[in-house]
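Below is one structure, written out as structure tokens; the observations come after it.
Derivation of every value follows stated rules applied to the coordinates shown; laboratory data play no part. If you're wondering where the values come from, they're calculated on a predicted model, not measured in any experiment. Counting neighbours? That spans all protein chains shown, and the Cβs are built from the backbone with ideal geometry, glycine included.
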Amino acid sequence: MAYQHAYDSASGELKGVCAAFPAGAEHSAPTQEEAWQAAGWTVAPGPSTDAAGQPVGPDSHNYLGGALAAKRAVTLTPDKTQIVADGADQAVVAVAVAGADPPASLTLLVNGAQEAVALSGGAGALAPIVAQTPCTIAVSLLDSITYRAAPVVIQAV
């Protein structure tokens, strides 16, 4: 079965993967490929799995220079997921980037605010997180085009 990929040629963000509509087949509604083109996305034939046998999708892949590429895995690991909202208790989120030639730094979003994390050999840590009042603190990647990581949540109680 043939598959089509849709991606934003400016950012490289993979928008979707679907089974290709058979060429020359009659249809009364726009195909998925036509809808993607109408949205301004580039549509290209592509596989449903990558060379490693992993499913291709927006959460795991992107397009770099017009070529399909797997996003680099990043692990965000908090030392604890709950802190006391007293301004003193703290949580530290460790950051690890998989693969060769890791970047010197990564930018994370901490409740939407950008925080740079210096990396050495692909490992680093976010500045300690503290809270004065009860709240939820979400930590995620800023660059979700090149990297992939599950976000973490820290509860201040």
Next item on the list: Would you mind pulling out the separation of the Cα centroids of segment 43-84 and segment 14-40, in Å?
Entry: 23 Å
Note to self: Under 5 Å between amide hydrogens, which residues at least 5 positions from Tyr3 or on another chain qualify, with H placed 1.01 Å from N in the peptide plane?
What the structure shows: Ala20, Gly46
Next item on the list: Taking the Cβ of each residue in Lys15, Lys71, Lys80 as the centre, tally the other Cβ atoms inside 10 Å and list the residues starting with the fewest.
Entry: Lys80, Lys15, Lys71
Notebook entry, point to check: If you put +1 on each Lys and Arg Cβ and -1 on each Asp and Glu Cβ, how big is the dipole of the chain around its Cα centre, in Debye rounded to 20?
Noted result: 200 debye
Check: Which length gain, in nm to one decimal place, applies between Ser105 and Ala138 when the Cα-Cα distance is subtracted from 0.36 nm times their residue separation?
Finding: 9.9 nm
Next item on the list: Considering Cα pairs under 8 angstrom that are at least six residues apart, work out the relative contact order of segment 3-70 and quote it in whole percent.
Entry: 39 percent
Checklist line | Average Cα contact separation per residue, the chain, under 8 Å, 6 or more apart, as relative contact order % | finding: 20 percent
